[in-house]
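**Q** Could you have a look at this structure, given as C-alpha cells, before my questions?
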2 protein chains.
Amino acid sequence: MSAHVFDQAIALTATGDGLYAGATSPAYANMVGPFGGITAATMLNAVMLHPSLLGEPLSLTVNYCAALADGAFEVSAQPVRTNRSTQHWVVLVTQAGASGEAETVATATVVTAARRETWSVDDEPMPAVRRPDEVKPYTVPSPVEWIRRYEMRPIEGAIPRTWDGTGSDSRSRLWMREAVPRALDLCGLAALADVFFPRIWLRRATYVPAGTVSMTVYFHAGSAQLAEVGHGWVLGQARAQAFRNGFFDQTALLWSEAGHLLCSSHQVVYYKE
Amino acid sequence: MSAHVFDQAIALTATGDGLYAGATSPAYANMVGPFGGITAATMLNAVMLHPSLLGEPLSLTVNYCAALADGAFEVSAQPVRTNRSTQHWVVLVTQAGASGEAETVATATVVTAARRETWSVDDEPMPAVRRPDEVKPYTVPSPVEWIRRYEMRPIEGAIPRTWDGTGSDSRSRLWMREAVPRALDLCGLAALADVFFPRIWLRRATYVPAGTVSMTVYFHAGSAQLAEVGHGWVLGQARAQAFRNGFFDQTALLWSEAGHLLCSSHQVVYYKE
C-alpha cells in the first residue's frame with residue numbers, strides 16, 4: 001500500500017541528531033512555494049519523529065521567512081529544554097541558497113506536553129450551522145494545486161467569485177477534510193489550520209497578493225481524540241481582527257463534527273496595497 | 001533623571017554579537033520568577049537594540065521554558081533571515097543552572113517589518129464600555145509585586161474576591177496603564193498584553209496554580225501610533241476559548257482610548273487540576 005499523499009509530503013529521513021532531510025511535494029504547490037500548512041506539518045513531524053520527544057504538541061508557531069524553492073530541504077529540530085511534563089523545541093528549515101550556503105526559510109518553536117485529565121470545558125461552543133451533507137462543495141476552478149488535497153464545503157464567507165470590491169465581513173465558516181480519506185492526526189490538524197484563504201480577499205472582495213508570515217496553533221485535542229474524528233468533517237471558522245499597513249491578523253477555530261474544539265489558530269499575514 | 005522602573009527592568013548591556021546581559025527586577029516579581037510580560041518585553045528589547053534591526057516588531061512569540069531565577073541572565077537575539085522588508089529573529093534567554101551550565105529559560109521568535117501605508121480597517125471595533133473616569137480602580141491586596149506597576153480599572157470580569165466556584169464566563173474588560181507615567185512603546189505594549197490574570201480563575205472562581213507557557217503578540221500599531229497614545233489608558237479584553245487537560249488558551253485585544261486596535265495577543269496557559 002502506498003502512503004497517503006499527505007504523509008509522502010511531510011516524510012522526513014533522519015540524517016543526524018535532530019536533523020532530517022525532506023523535499024517539497026508538487027501535490028502541495030501554492031502560488032509561490034508550497035502551501036504553508038504542509039510546511040508547518042513537516043516541521044511538526046520533525047519533532048514527532050525525534051527520539052527524545054516528551055508528550056504531544058501543545059503549541060506550534062511557524063514563521064515563514066521565504067518561499068521554499070522546489071526540491072530538497074533540511075529540518076533541524078532541537079529540544080532546548082525538557083521539564084518534567086513539558087518540552088521546548090526550536091525548529092529550523094534550511095535550503096541551499098544561490099551561493100550554495102544554507103539559508104533559513106522557516107523557523108518554528110514547538111511546546112510538547114505530557115497531559116493528564118483535568119477539569120475541562122469549551123468556552124467557544126461550535127456554532128449552529130448546516131451539516132456537511134446540507135452544504136454544497138465549492139466548485140471554483142482551483143488556481144493552485146494544494147487546494148485539491150482538501151474537500152471544502154463553505155457555509156458562509158466562500159472565496160469571492162467576483163472581485164468587485166463589495167466585501168464587508170471577514171468571517172468564513174466551512175466544513176473541511178482531506179480529499180483522499182486519511183484519519184486526522186496532529187500533523188494533519190496543523191495543516192488544516194492553514195487552509196483558510198487570506199481574509200483580505202473576503203473583506204475587500206479584491207484580489208491582492210498576500211502570504212502568511214507567522215502562524216500559531218494551540219492544540220486542544222490529543223492524538224487519541226483526533227483518532228476518534230478519523231476521516232470525519234472538521235468545521236473551520238476564520239476571521240480577521242485588523243488590517244493595518246500591509247499586515248492583518250486572522251484567528252481561526254476548528255471543531256470536530258461532534259462539537260469538540262480541536263485547536264485554535266492565529267496568523268499574521270502580509271498583503272500588498 | 002533616573003530611568004522609569006520598566007526601562008530599568010528591561011535594560012540590557014551588549015556583551016557581543018547579538019548577546020546581551022540583563023537581570024531580573026524585584027519590581028516585577030511574580031509568584032515564581034518574574035512577570036511574563038517583563039520577560040517578553042526584555043526579549044523584544046534585545047531585538048530593538050540590535051544594530052542590524054530592520055523595521056519594527058510585527059509578531060512576537062515567547063515560550064516560557066522555566067521560571068527565571070532571581071539575578072543575572074543572558075539574552076541572545078540573532079537575525080536568521082533578512083528580506084527586503086521583513087526580518088526573522090530567534091531569541092533565547094539563558095541562565096546558569098545548578099551545575100553552572102547555561103540553561104535555556106525562554107525562547108522567542110520575532111518578525112520585524114518595514115511597513116508602509118496601505119488600505120487599513122479594524123474588524124474588531126472597540127466595545128462600547130464605560131470610560132476610565134467612570135470606573136473604580138480595583139483595590140484588592142496584591143499578592144505579587146508586579147501588579148503594583150500597573151493601574152487597572154476592571155469594567156467586567158475582575159479577579160474574583162471570593163473563590164466560591166461560581167464562575168461561568170471567562171471574559172474580562174479593563175482599562176489599564178503604567179502606574180508611574182510612561183509613554184507607551186512597543187516593549188511596553190508587549191508587557192501589557194500579558195497583564196490579564198489566568199482565565200481559569202475567572203471561569204471557575206477557583207484558585208488553581210497556572211502559568212503562561214507560550215504567548216504571541218501581533219502588533220498592529222507602530223511606534224508612531226503608540227507615541228500618540230502616550231500615557232493614555234488602554235482597553236484590554238481577554239477571554240478563554242477552551243480549557244482541556246491541563247492547558248487553556250486565552251485570546252486578548254488591546255485598544256487605545258481613541259479606539260484603535262493596538263495589538264492582538266494569544267497565549268496557552270498551564271493549569272493544575
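**Q** Net charge near A:Leu192, counting Lys/Arg +1 and Asp/Glu -1 over other residues with Cβ under 13 Å of its Cβ?
**A** Values: positive: A:Arg149, A:Arg177, A:Arg182; negative: A:Glu151, A:Glu178, A:Asp185, A:Asp194.
Value of the local net charge: -1.
**Q** Quick one: label points 7 angstrom along Cα→Cβ at B:Glu257, distances to the other copies in nm, smallest first?
**A** Shortest to longest, the spacings are 5.3 nm.
**Q** In addition: Distances from B:Lys272 to the same position in the other copies: list them in nm, one decimal, shortest first, using label points 7 Å from Cα along Cα→Cβ.
**A** Those separations, rounded to one decimal, come out as 5.4 nm.
**Q** Under a GNM of chain A (C-alpha, springs under 10 Å), which listed residue has the highest mean-square fluctuation: A:Ile159, A:Ile38, A:Ile200?
**A** A:Ile159
**Q** If you don't mind, there's one more thing I want to ask. For chain B, with a Gaussian network of springs between Cα atoms less than 10 Å apart, report the residue from B:Val140, B:Val110, B:Val229 with the top mean-square fluctuation.
**A** Maximum fluctuation in the GNM of chain B, among the listed residues, is at B:Val140.
**Q** A further question on this structure: Sum up the charges of everything whose Cβ sits under 15 Å from the Cβ of B:Arg244, counting Lys and Arg as +1 and Asp and Glu as -1, but leave B:Arg244 out. Write down the numbers at each step before the final one.
**A** On the way: positive: A:Arg115, A:Arg116, B:Arg199, B:Arg203, B:Arg204, B:Lys272; negative: A:Glu56, A:Glu117, A:Asp122, A:Asp123, A:Glu124, A:Glu228, B:Asp249, B:Glu273.
Residues close to B:Arg244 contribute a combined charge of -2.
**Q** Can you tell me the FRET efficiency between B:Ser223 and B:Thr15 if r is taken as the Cβ-Cβ distance and R0 is 41 Å, rounded to the nearest 0.05? Walk me through the numbers before you get to the answer.
**A** Working: r = 26 Å, r/R0 = 0.63.
Computed FRET efficiency for B:Ser223 and B:Thr15: 0.95.
**Q** Please list log₁₀ I(q)/I(0) at q = 0.09, 0.12, 0.15, 0.16 Å⁻¹ for chain B, using the Debye equation with identical point scatterers on the alpha-carbon positions.
**A** For chain B at q = 0.09, 0.12, 0.15, 0.16 Å⁻¹, log10 I(q)/I(0) is -0.40, -0.73, -1.17, -1.33.
**Q** Let me know the shape class of the range A:84-233, please: from the alpha-carbon gyration tensor, a ≥ b ≥ c as square roots of the eigenvalues, rounded when a/c is under 1.5, otherwise prolate if a/b is greater than b/c, or oblate. Don't jump to the answer; show the numbers that get you there.
**A** Numbers: a/c = 1.83, a/b = 1.12, b/c = 1.63.
Because a/c hits 1.5 or more and a/b fails to exceed b/c, the range A:84-233 counts as oblate.
**Q** Using alpha carbon coordinates only, what is the Rg to Rh ratio of the protein assembly as shown, with Rh defined as the Kirkwood radius?
**A** Working: Rg = 22.2 Å, Rh = 23.6 Å.
Here the Rg-to-Rh quotient is 0.94.
**Q** Report the equivalent ellipsoid semi-axes for the range B:1-61 in whole Å, largest first, defined as the square roots of five times the eigenvalues of the gyration tensor built from alpha carbon atoms. Provide the component values of the computation, followed by the final result.
**A** Values: eigenvalues 86, 41, 26 Å².
So the three semi-axes of the range B:1-61 are 21, 14, 11 Å.
**Q** Can you give the average number of partner chain beta-carbon atoms within 10 Å of each beta-carbon in peptide A:89-98, as a whole number?
**A** Details: counts 2, 6, 0, 3, 0, 2, 0, 0, 0, 0.
Whole-number average of other-chain Cβ neighbours for A:89-98 is 1.
**Q** When each copy gets a label point 7 Å from Cα toward the beta-carbon at B:Lys136, what are the spacings between them in nm, shortest first?
**A** Result, one decimal in nm: 5.9.
**Q** Could I ask something else about it? With a 10 Å cut-off between alpha carbons and a GNM built on chain B, which of B:Leu192, B:Leu49, B:Leu253 moves the most?
**A** B:Leu49
**Q** Report, as an integer, the average count of C-beta atoms from other chains found within 10 Å of each Cβ along B:262-270.
**A** Values: counts 2, 3, 8, 2, 9, 3, 10, 1, 5.
Average per residue, whole number: 5.
**Q** Here's something else I'd like to know. With each pseudo-label sitting 7 Å past Cα toward Cβ, what's the B:Ala258-A:Glu117 distance in nm, one decimal?
**A** So the two model labels end up 5.4 nm from each other.
No value in this document is a laboratory result; all are computed from the given coordinates. Just so it is clear, the structure is predicted and the values come from calculations on it, not from any experiment. With ideal geometry, Cβ positions are generated from the backbone for all residues, glycine too; neighbour counts draw on all protein chains shown.
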